[in-house]
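Have a look at the structure below, then the notes.
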């Protein structure tokens with residue numbers, strides 16, 4: 001198959017039936033749903049509509065999207081809207097990017113207990129950042145931050161970690177002052193790492209004691225308390241990876257950066273290179289060797305297995321807000337932050353009236369979905385809709 005235009009959906013459609021057959025007992029309902037959604041996305045299986053240019057008469061079929069959060073093709077509008085909403089949350093201070101990573105031994109437990117352990121990752125990270133920031137020895141302030149869960153590395157293997165984007169400062173305990181971080185420095189990563197390790201392992205042990213963890217296959221012996229304790233012993237001694245990057249160039253840079261991390265899936269279509277003879281080739285960065293760009297070639301069955309490692313439990317929130325950015329307090333506390341920083345409130349960019357998704361997309365991205373791709377000055381108008389599993393009554397003159 002040609003590399004141009006190659007999509008994860010192409011791989012699933014061709015290699016998916018065999019994968020389902022050979023892994024029938026191992027596939028979860030959620031993984032099956034994700035495979036089906038990606039395979040059907042923007043095809044006649046989901047229905048769609050026919051558009052025609054009101055100037056030159058050019059016609060095209062627009063199939064409906066699956067809107068699954070794991071689909072590489074369905075995140076653009078959601079991401080753009082989320083980033084626009086975050087625009088109103090920005091304040092003119094330095095922002096920092098802090099990453100909290102689970103060790104491999106814990107990641108293995110996390111894969112078999114996704115909802116429980118990913119939730120612990122959020123709770124331990126949130127408590128770590130807020131506790132150290134509130135300590136007068138470090139910052140002595142209530143901070144706010146956004147935490148985004150990623151479960152993959154560039155090679156698609158299971159690698160759960162949280163990306164946290166944090167304004168460089170916070171509110172004093174009495175709410176009367178803005179306390180800024182030292183220039184170029186947020187919080188000591190070794191202190192963060194050790195508290196994170198202690199808090200997370202305490203939660204993990206409590207979940208085990210309460211019988212909330214399940215172990216299968218190679219991890220099945222961990223059901224015994226002594227085996228579980230021996231398994232965790234190295235993790236209790238190891239230094240856990242917490243990484244703080246240098247501050248961003250400014251609030252707008254924060255939005256550009258967040259756009260690369262929110263609403264992402266395990267691999268985007270633009271990283272795919274080739275699919276042929278049962279093998280998938282894709283680009284990846286090898287962070288262990290100075291972020292070198294490399295090409296990985298996997299059997300299609302292994303590629304699908306790795307992709308499905310990252311299917312989240314239904315309803316699981318992978319983007320969460322904390323401190324003065326928490327949903328419950330955001331409006332009031334951000335207003336107080338701006339007052340203390342002597343900066344004006346943001347201007348609401350969009351009207352309250354509901355917009356068609358094409359109008360929203362143009363407002364958010366500047367790209368028009370209505371302009372005729374042929375003549376360039378006409379507008380595409382819907383002339384027919386068709387239901388899932390059917391086709392238009394009359395084929396358009398030209399299909400996309």
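The values are calculated or read from the model by the stated rules, or taken from the named source; none is laboratory data. These numbers come from a predicted model, not from an experiment. Neighbour counts are summed over all protein chains in view; Cβ atoms, including those assigned to glycine, are modelled from backbone coordinates with ideal geometry.
When region 60-69 is filtered for residues that are in contact (Cβ under 8 Å) with a residue 40 or more places away in the chain and either over 35 Å from the mean Cα position of the chain (by Cα) or assigned to a loop (DSSP other than H, G, I, E, B) (or both), the ones remaining, listed by number, are 64, 69. The residue of region 123-138 that is farthest from residue 301 (Cα to Cα), among those that are touching a strand residue (DSSP E or B) at 6+ places or on another chain (Cβ under 7 Å) and surrounded by 22 or more Cβ atoms within 10 Å (Cβ to Cβ), is 133.
The rows are residues; the columns are (1) buried (at least 16 other Cβ atoms within 10 Å of the Cβ); (2) out of contact with any helix residue (DSSP H, G or I) (no Cβ under 7 Å at 6 or more places or on another chain); (3) at pLDDT below 90.
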{"position": "44", "(1), (2), (3)": "yes, yes, no"}
{"position": "51", "(1), (2), (3)": "yes, yes, no"}
{"position": "63", "(1), (2), (3)": "yes, no, no"}
{"position": "70", "(1), (2), (3)": "yes, no, no"}
{"position": "76", "(1), (2), (3)": "no, yes, yes"}
{"position": "81", "(1), (2), (3)": "yes, no, yes"}
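Just to be sure before I move on: is residue 33 assigned to a helix (DSSP H, G or I) and within 17 Å of residue 310 (Cβ to Cβ) in the structure I sent? Yes; evaluated as a whole, the condition is true for this residue.
State yes or no: is residue 275 over 17 Å from residue 145 (Cβ atoms), touching a strand residue (DSSP E or B) at 6+ places or on another chain (Cβ under 9 Å) and surrounded by 14 or more Cβ atoms within 10 Å (Cβ to Cβ)? Talk me through it step by step, then tell me what you get.
On the way: over 17 Å from residue 145 (Cβ atoms): yes; touching a strand residue (DSSP E or B) at 6+ places or on another chain (Cβ under 9 Å): yes; surrounded by 14 or more Cβ atoms within 10 Å (Cβ to Cβ): yes.
Yes, satisfied.
Taking the criterion of being under 19 Å from residue 189 (Cβ atoms), in contact (Cβ under 8 Å) with a residue 60 or more places away in the chain and out of contact with any strand residue (DSSP E or B) (no Cβ under 8 Å at 6 or more places or on another chain), the residues of region 208-245 that qualify are 235, 238.
Here's the yes/no breakdown for (1) in contact (Cβ under 8 Å) with a residue 12 or more places away in the chain; (2) surrounded by fewer than 19 Cβ atoms within 10 Å (Cβ to Cβ); (3) touching a strand residue (DSSP E or B) at 6+ places or on another chain (Cβ under 9 Å):
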| position | (1), (2), (3) |
| --- | --- |
| 157 | yes, yes, no |
| 160 | yes, no, yes |
| 169 | yes, no, yes |
| 173 | yes, yes, yes |
| 196 | yes, no, yes |
| 201 | yes, yes, no |
| 206 | no, yes, no |
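So which residues in region 175-194 are under 30 Å from residue 311 (Cβ atoms) and surrounded by 21 or more Cβ atoms within 10 Å (Cβ to Cβ)?
192
Taking first residues from region 121-142 that are without any contact (Cβ under 8 Å) to a residue 24 or more places away in the chain and partners that are part of a helix (DSSP H, G or I), the Cβ contacts under 9 Å between residues at least 6 apart in sequence or on separate chains come to 135/191. Residue 3 meets each of the listed conditions (1) touching a strand residue (DSSP E or B) at 6+ places or on another chain (Cβ under 7 Å); (2) modelled with pLDDT of 95 or more; (3) surrounded by fewer than 16 Cβ atoms within 10 Å (Cβ to Cβ) apart from (2). For region 284-321, filtering for residues that are touching a helix residue (DSSP H, G or I) at 6+ places or on another chain (Cβ under 9 Å) and assigned to a helix (DSSP H, G or I) leaves 7. Residues that are part of a helix (DSSP H, G or I) and at pLDDT below 85: does region 87-108 have at least one? Within region 87-108 (the criterion being part of a helix (DSSP H, G or I) and at pLDDT below 85), the answer is yes, since at least one residue qualifies. Given the conditions (1) surrounded by 11 or more Cβ atoms within 10 Å (Cβ to Cβ); (2) farther than 30 Å from residue 82 by Cα; (3) at pLDDT below 65, which single one is not true for residue 399? Tallying (1) surrounded by 11 or more Cβ atoms within 10 Å (Cβ to Cβ); (2) farther than 30 Å from residue 82 by Cα; (3) at pLDDT below 65, residue 399 fails exactly one: (1).
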